[in-house]
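Below is one structure, written out as structure tokens, with a few remarks after it.
The values are calculated or read from the model by the stated rules, or taken from the named source; none is laboratory data. Keep in mind it's a predicted model, so treat the numbers as computed, not measured. As a convention, Cβ positions derive from the backbone with ideal geometry for all residues, glycine included, and neighbour counts pool all protein chains shown. The accessibility values were calculated without ligands, DNA or RNA, using every heavy atom of the protein model including side chains. Shrake-Rupley method; radii C 1.70, N 1.55, O 1.52, S 1.80 Å.
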Amino acid sequence: MTFLALYEYKTAMSFADFPEQKQGVQLLQRSLERGRLAHAYLFGGHHLAELEALARTLAKTLNCQNPKRATANGPAIDCCDECAVCRKIDAENHGDVHWVRPESKSRVVTIDQMRDLMHEIHLKPNEAEYKVATIVAADRLNVQAANAFLKTLEEPPPKSILILLTTEPQRILETIISRCLRLNFAGEGTRKLATAQLEWLTAFGEMAAAEQKSLLGRYRLLGVLLKRLGELKGDIEKALTARSPLERYDDLDPKLREKWEDELAASIEAEYRLQRSDLLALLQWWLRDVWMQTMGLNGGELLSFPQISSAGAVAKRISSEQAIKNLQVLERMQRLLGSNVQEALALEVGLLELSL
Ligand SMILES: [Zn+2]
């Protein structure tokens, strides 16, 4: 991305101006078209300026006087970028479109800022169809500010939408993440995978797409996941042990031996956690493909794994809402695993909760 492109985010834009974010933008537009917008979104990506521009474009689209529509009288799916309302929102002086940014000194979003915002959101709209509130850098919400905000986040007033932006989703509190629908604007297209990963995901997807109504079926799926994790752990142990100095000395000082053994165990655990997280991320991407297809988005260039057909089969029998819940289940599973909860339990609870 060029400097010029970043600079240009400041000026007017419509959804058509984000060719690199086609996947996320199409999901938003499809939701607009179906009147299925979520009440709270978390936009993740690499550039806050770009995420702000996307949030602004959504605010404009919801309130534009002359929007582009999918059908003659259908809902708006993009803004005109020219009308008085669009210009007002661009200039950030629209009474119903609010922005909260980390305060300059401490770089955090404070509880006072959030209280002001919640007050505004609960007032009747001044001039707009929709109230839109965007929290720029939601990872900078301090704990009190986040807690004060949870209830509003869970149940915003009708005709209002909350948009949280972040370049560091791993720093956002679980309680916040679980109440938002997460959209990825990191601009990643079709995933390139190692053969072993692709084979595993294909097998997992096929098993999920086959009859899964029984508890037994679900535990079989868990078994496939646990087996792969066991293999990963075994490979990591082998590779890291071979590299450890322990292998090179026979008559080590016991204290030194103990230290090296501890270090080896710690590095095995750290690497395993990374790879486990990557494996679950694969499942998340596959479940995202399921969700896209429940929305009727099945163009090859939009899917992460167009070569894996099982996502389409699952999409045929669950609703978009269920598909979204699945994504949230995986998010939560990742968070739980990151917080030292017992692995087998977190995986089992998560897998049993999935709608497949
Ligand atoms: Zn407009």
Subject >> Net charge of neighbours whose Cβ lies under 12 Å from the Cβ of R218, counting Lys and Arg as +1 and Asp and Glu as -1 >> reply: -1
Original post:
Mind checking the angle between helix 143-154 and the chain's longest principal axis? C-alpha axes, 0 to 90 degrees, to the nearest 10.
Top reply: 70
Subject >> Accessible-area value, S309, 1.4 Å probe, nucleic acids and ligands omitted, Å² >> reply: 100
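Would you please put 224-230, 140-146, 176-182, 119-125 in order of how densely packed they are, using the mean number of other Cβ atoms within 10 angstrom per residue and starting with the highest? Write down the numbers at each step before the final one.
Numbers: 224-230: 16.0, 140-146: 17.9, 176-182: 20.0, 119-125: 12.9.
Highest to lowest by the protection proxy: 176-182, 140-146, 224-230, 119-125.
Place a +1 charge on the Cβ of each Lys and Arg in the chain and a -1 charge on the Cβ of each Asp and Glu, then give the dipole magnitude about the Cα centre in debye, rounded to the nearest 20. All intermediate terms of the calculation are to be shown ahead of the outcome.
On the way: 45 positive and 48 negative charges, 195 e Å.
Its charge dipole is roughly 940 debye.
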Subject >> Helix axis angle, 215-243 relative to the chain longest principal axis, alpha carbon, degrees >> reply: 60
Subject >> Directionally averaged shadow of the stretch 1-147, computed from the convex hull of its alpha-carbon atoms, nm² >> reply: 9.4
Original post:
If you line up the long axis of helix 343-353 against the longest principal axis of the chain, both from Cα atoms, how many degrees apart are they, to the nearest 10?
Top reply: 40
Original post:
Which of P157, P102, P19 moves the most in a Gaussian network model of the chain with Cα springs under 10 Å?
Top reply: P19
Original post:
Projected onto the charge dipole of the chain (+1 at Lys/Arg Cβ, -1 at Asp/Glu Cβ, origin at the Cα centre), which of A239, C80, V224 gives the Cα projection farthest towards the positive end?
Top reply: C80
Subject >> Close Lys-Lys pairs in the stretch 13-145, where close means Cα under 20 Å and separation is 8 or more or interchain >> reply: 10
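What share of Cα pairs, in percent, lie more than 27 angstrom apart in the stretch 195-353?
Working: 4310 of 12561 pairs.
Cα-Cα pairs in the stretch 195-353 separated by more than 27 Å: 34 percent.
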Original post:
K238: which lysines have alpha carbons under 30 Å from its alpha carbon, excluding same-chain residues fewer than 8 sequence positions away?
Top reply: K192, K227, K255, K259
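Summing +1 for each Lys or Arg and -1 for each Asp or Glu, what net charge is found among the other residues whose Cβ lies under 10 Å from the Cβ of D78? Write out the running numbers ahead of the final one.
Working: positive: K60, K68, R69; negative: D17, D81.
Residues close to D78 contribute a combined charge of +1.
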**OP:** With a/c under 1.5 counting as rounded, go ahead and sort the stretch 154-250 into rounded, prolate or oblate using the C-alpha gyration tensor (a ≥ b ≥ c being the square roots of the eigenvalues; past the cut-off, prolate if a/b is larger than b/c, else oblate).
**Re:** oblate
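When Lys and Arg each count +1 and Asp and Glu each count -1, what net charge do the other residues less than 12 Å away from S267, Cβ to Cβ, add up to?
Values: positive: R243, R273; negative: E237, E261, D262, E263, E269, E271.
Every neighbour counted, the sum reads -4.
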Original post:
Based on Cβ point charges of +1 for Lys and Arg and -1 for Asp and Glu, what charge dipole magnitude is obtained for the stretch 195-353 about its Cα centre, in debye rounded to the nearest 20?
Top reply: 680
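Using just the helices of the chain, give the 222 nm mean residue ellipticity in deg cm²/dmol: DSSP H runs with n ≥ 4 each add -39,500 (n - 2.57), and the total is spread over all residues, rounded to 500.
-17500 deg cm²/dmol
Could you tell me what a quarter of the Cα convex hull surface of the chain works out to, in nm² with one decimal place?
Numbers: hull surface 87.8 nm².
Computed as one quarter of the Cα hull surface, the answer is 21.9 nm².
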